Every structure is written in C-alpha cells, then in structure tokens.
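K.L.:
Dropping a structure here in structure tokens format, bear with me for questions.
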Amino acid sequence: MEPLPLVGVLHSSPVIARYAGNPILSAKDVPYNAGLVFNAGVCKYQGRYVMVFRNDYGSLADHRLDGTNLGLAYSDDGIRWQVEPLPCLEMHDHEVLRVYDPRLIVLEGRVYLCFALDTRHGVRAGIAVTDDFVQYDVLSLTVPDNRNIVLFPERIGGQYVRLERPFPVYSRGGERFDIWYSDSPDLRYWGNSQLVLAVEQVPYANTKIGPAAPPLKTDRGWLCTFHAVDTDPARGKNGWEASWKKRYSVGLMLLDLDNPAHVIGMSREPLLAPEASYETSGGFRNHAVFPCGAIQEDNGEVKLYYGAADTVICLATARLDDLIALCAPLH
Ligand code: BMA
C-alpha cells in the first residue's frame, strides 16, 4: 500500500483557547506515587465534576516508569481539582498488566468508564459501570486488538452505541487504523460494526486516527473529537521516550443524530495541534495532545480535557457553535 503523504506544519484552530493556567493537573497534585499524569476522562455527576486520570508512576527525575494506575479527582468548577487519597479501579492480575486512557460517560443516570487494558495476550478495551467511583462492574471486554472506546451518552434507536479503534495490523498495511462504530442491546454484546472514518480521509493524519472524548449531543449531530496521528521519520527524538517520532493532534467530526455511523462533516484542519511549550517540549512524548474528556456547559462553552506530551493534564475551551461550524461536509 502507498504510504500516506507527510503532513507538515499544523496549527490549532482560532476557535479554541488554551486555559492560561495550564496544566490543570500534574504529578505534584497527586497524594501518592505519581509520574506522568495525563489522559483524563471527565463527567459531571451529582453536581460535581469528576475526573479519572491515567498515572504512569515512577521517578520522573530518573526517567523511570514502574507501572500505571487510575487516579480519581473532584472539582466544583472543572478547573481546580482535588485528588482523592487512593487510585481507583485496580484490575492488575496475572493476565491484566495495566488499565489506562479512561473516558467517563453519564448514561441513564449511571457512570460508565471506558478504558484500554494491556494484557499478556493483547491490547483490549473495556466498559465498566459505577455509581460511586469505588465499586466498578466490568460489563464487557473486547477481543484484541482494540481500544479507544467511547460510549454515546444515550441509546440511539433503542441500542447502546460506541465508537472504537481496532488495529488491523495485517490487512491495512502497517500502522493505518480507522474509527469504527458498534452497537449493543445491553452493553455486553457488541456487533453491527461499521467503518465511520478512515485515516486517509483526514488531511492532518498519515498513520492512524481514533476516538478521543465521548460524543456531545447537539441539535446538528453528535459532535466528536478524535485523535489524528502523523509520523515523520525526520522528526527525530521527540521527548524522553527513546524512539518517539509521532505527533498527535485533535480532529473534530459531526455524526448523524439517528445514524452515528454516518459522518455529516469533519474539520479540514486540526482543532488542536501541539504548539504550547507544555505540549511540545520537556515531556515523555512531545507533540502529543490527547483528549479523553469533553463537557458541554449550559452557556454554550465546551471544556476539552487533554493529556499534553503524555505528561500533564490540560484544559482548552471553545464555543459549541464554532465547533459545529468547523465540521465541513465530507465529499
Ligand atoms: C496512544 C496511547 C495514549 C497516548 C498516545 C500518545 O497510542 O498510548 O495513551 O497518550 O498514544 O502517546
């Protein structure tokens, strides 16, 4: 298969503004062993903002990582966070190596946590449900290789719906991965899988794309962020991880309200591209912005929570109307 072209320079859209106090959460805010504190799911539940974040702990000073857990934090304003004394959802056992990249979705009054998990027999993705962020009931796990699951916040046509990103390593010709749709009658059995958006349709990706934060319902369609990855072998060492050469930007698409496997529109340029110093330098993997949480406020603002350089958690905001307007029809 022909390689996709190099992407070149990228800039963030003028409609999005980084919070001036970024990062909003980092290792120093966590009351237990913490290192890289990044990709965070966020929801509003029972009057508070709740965050579940990824913590790759170890010693940053020595560039050493020992393991991964998920931290839990609460906030009254979505900006200042208080981290709980202990991590949550420990699944580590002989088979499960780690759980990471959480997304939170409030659906029919309960909170669903979608997560990736590395196992001894492949990368999987799971869906768990909780009412208190203490007890979690794991409802389903995919077969390998699949991750980046995001659930829609309501049933559509009676079915539960999700976006996901399988890794077809043989048939697509290298690391060329796309966004897929599946639905389920009960959140346990998933099927009716369909391709939603392919990497070659995204001008700012040449490697892979995947769902980012969970979809937001608007009167024009489901507004979905996705991560868009491009590789440039000339980029060289790009962070303190040994061989990191990729760049992660954020794309935006609008899906049909009644048939979310159908793309109505997509931003032709990234919503967010790594540009701020905390996104481009000094991190584990520089040039990575990776949202796992989005909150739609009543005043028309959208808060986007993203991991920056796989090292800290940041916030950016935009107007919902501006985001919808960026999604141009796909040809
Ligand atoms: C992806 C995942 C994410 C990470 C991103 C950028 O493949 O591992 O957890 O944030 O790469 O490094």
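K.L.:
Protein chains only, probe 1.4 Å: how do His262, His92 rank by accessible area, largest first?
P.N.:
Sorted by accessible area, descending: His92, His262.
K.L.:
Which order, highest average first, do 290-301, 247-258 follow once you tally other Cβ atoms within 10 Å for each residue and take the mean per peptide?
P.N.:
Details: 290-301: 18.7, 247-258: 23.7.
Highest mean packing first, the order is 247-258, 290-301.
K.L.:
Ordered by packing density, taken as the mean number of other Cβ atoms within 10 Å over each peptide's residues, highest first, how do 265-275, 233-243, 14-24, 192-202 rank?
P.N.:
265-275, 192-202, 14-24, 233-243
K.L.:
Using the alpha-carbon centroid of each, what span in Å lies between region 176-225 and region 256-320?
P.N.:
The two parts, judged by their Cα centres, are 15 Å apart.
K.L.:
If you don't mind, another one. Just the number please: accessible area per residue for region 81-238, 1.4 Å probe, all protein chains included, in Å².
P.N.:
Value returned for region 81-238: 41 Å² of accessible area per residue.
K.L.:
With all protein chains present, calculate the accessible area of Arg162 using a 1.4 Å probe and round the result to the nearest 10 Å².
P.N.:
20
K.L.:
When the chain is modelled as a GNM with alpha-carbon springs shorter than 10 Å, which of Thr311, Thr280, Thr119 fluctuates the most?
P.N.:
Of Thr311, Thr280, Thr119, the Gaussian network model singles out Thr119 as fluctuating most.
K.L.:
Solvent-accessible area per residue for region 1-69 at a 1.4 Å probe radius, Å²?
P.N.:
On the way: 3470 Å² over 69 residues.
Accessible area per residue: 50 Å².
K.L.:
Another question about this same structure. Ordering His11, His94 from largest to smallest accessible area (1.4 angstrom probe), what's the sequence? All intermediate terms of the calculation are to be shown ahead of the outcome.
P.N.:
Details: His11 115, His94 145 Å².
My answer, sorted largest first, is His94, His11.
K.L.:
Does region 62-143 come out rounded, prolate or oblate by the C-alpha gyration tensor, with a ≥ b ≥ c the root eigenvalues, rounded set by a/c under 1.5 and, if not, prolate when a/b is larger than b/c and oblate if not?
P.N.:
Numbers: a/c = 2.16, a/b = 1.19, b/c = 1.81.
Verdict is oblate for region 62-143.
K.L.:
Once you have a ≥ b ≥ c as the square roots of the Cα gyration tensor eigenvalues for region 191-322, tell me rounded if a/c is under 1.5, and otherwise prolate or oblate according to whether a/b is larger than b/c.
P.N.:
oblate
K.L.:
Kindly provide log₁₀ I(q)/I(0) values, in the same order as q = 0.15 Å⁻¹, from the Debye equation applied to equal alpha-carbon scatterers of region 24-326.
P.N.:
Result of the Debye calculation: -1.24.
K.L.:
Considering the dipole of the chain built from charges on the beta carbon (Lys and Arg +1, Asp and Glu -1) around the Cα centre, which of Leu104, Tyr248, Val83 is farthest to its positive end?
P.N.:
It is Tyr248, whose Cα lies furthest towards the positive end.
K.L.:
Additional query: About its Cα centre, what dipole magnitude does the chain give when the only charges are +1 on Lys and Arg Cβ and -1 on Asp and Glu Cβ, stated in debye to the nearest 20?
P.N.:
It comes to approximately 580 debye.
K.L.:
What is the count of Lys pairs in the chain whose alpha carbons sit under 21 Å apart, if the two are 8 or more places apart or on different chains?
P.N.:
Qualifying lysine pairs in the chain: 8.
K.L.:
Percent of accessible area on the chain owned by carbon and sulfur, 1.4 Å probe?
P.N.:
50
The values are calculated or read from the model by the stated rules, or taken from the named source; none is laboratory data. Because the structure is a prediction, the values reported are computed rather than measured. As a convention, Cβ positions derive from the backbone with ideal geometry for all residues, glycine included, and neighbour counts pool all protein chains shown. SASA here: full protein model, heavy atoms, side chains in, ligands and nucleic acids out. Shrake-Rupley method; radii C 1.70, N 1.55, O 1.52, S 1.80 Å.
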